[in-house]
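Below is one structure, written out as structure tokens; comments come after it.
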Amino acid sequence: MERVEAELFTDGGNDAVVRLPGRRSPGFLVQGDTLHILQTDVTELVELCAAGDLEEARQVANLLHVDLGAKLQRYTDALEAHGIPRPF
């Protein structure tokens, strides 16, 4: 394990926006439990599609879309607040 000093652009809670040394753009730190939930949701979506349950799949996909949209908004808000251009 290596210890490094990082720049923190949001509070240190879930979904923190940080910049590691040597990186031009900040990244988005996702906690392990949140990553697991996202992966579980995608697995459910794939299974629903495979089973042909498109209505339920659409609902799961919509929830994922909203959740990821909120995370992206948090990231872009943090960059804007610190005068950093978006890397996309």
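Residues in region 21-39 include none that are within 24 Å of residue 67 (Cβ to Cβ), assigned to a strand (DSSP E or B), in contact with a Pro (Cβ under 7 Å, 6 or more places away or on another chain) and not basic (Lys, Arg). Mind checking whether some residue in region 59-75 is surrounded by 12 or more Cβ atoms within 10 Å (Cβ to Cβ), in a helix (DSSP H, G or I), hydroxyl-bearing (Ser, Thr, Tyr) and within 16 Å of the chain's Cα centre (by Cα)? So far as region 59-75 goes, yes, one or more of its residues are surrounded by 12 or more Cβ atoms within 10 Å (Cβ to Cβ), in a helix (DSSP H, G or I), hydroxyl-bearing (Ser, Thr, Tyr) and within 16 Å of the chain's Cα centre (by Cα). Return the pair list, or none, for Cβ contacts closer than 7 Å from residues in region 1-19 that are more than 14 Å from residue 83 (Cα to Cα) and without any contact (Cβ under 8 Å) to a residue 60 or more places away in the chain to residues that are among the polar types (S, T, N, Q) and surrounded by 10 or more Cβ atoms within 10 Å (Cβ to Cβ), at least 6 apart or on different chains. Note: pairs meeting the criteria are 14/31; 14/34; 16/10. Please verify whether residue 85 is surrounded by fewer than 12 Cβ atoms within 10 Å (Cβ to Cβ) and touching an Asp or Glu at 6+ places or on another chain (Cβ under 8 Å), treating the condition exactly as stated. Judged against the criteria, residue 85 is not a match. Within region 70-88, residues that are among the aromatic types (Phe, Trp, Tyr) have Cβ atoms under 7 Å from residues that are surrounded by 11 or more Cβ atoms within 10 Å (Cβ to Cβ) in these pairs: 75/17; 75/28, counting only partners at least 6 apart in sequence or on another chain.
No value in this document is a laboratory result; all are computed from the given coordinates. None of the values given here were measured: they were computed from a predicted structure. All Cβ positions, even for glycine, are placed from backbone atoms using ideal geometry, and neighbour counts span all protein chains on display.
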